[in-house]
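One structure below.
Read-outs throughout are calculated quantities, based only on the coordinates presented, and are distinct from any laboratory measurement. The shown structure was predicted, so the numbers you read here are calculated from the model rather than taken from an experiment.
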């Protein structure tokens, strides 16, 4: 009778452990997905900022080139 009780207790402990592991695994996966999503959002934001800066720099360079007088060649 004691062996049967011990086996049942071990079985219950294994079931509880498996349930706890499954819960912890689901929580860890949710945290991982949230982390990946946050990185993706920051990447999109930083890419947009970089592209906007590059466009503004190109526009400023084009405006400066248009405003500068043409260079004259020196005769030797």
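Observations, loosely collected:
- Full-stretch length increase - residue 36, residue 66 - with 0.36 nm per residue and alpha-carbon distance subtracted: 6.3 nm
- Taking only the C-alpha atoms of the chain, the Rg (one decimal) and the largest Cα-Cα distance, Dmax (whole number), read 33.2, 114 Å.
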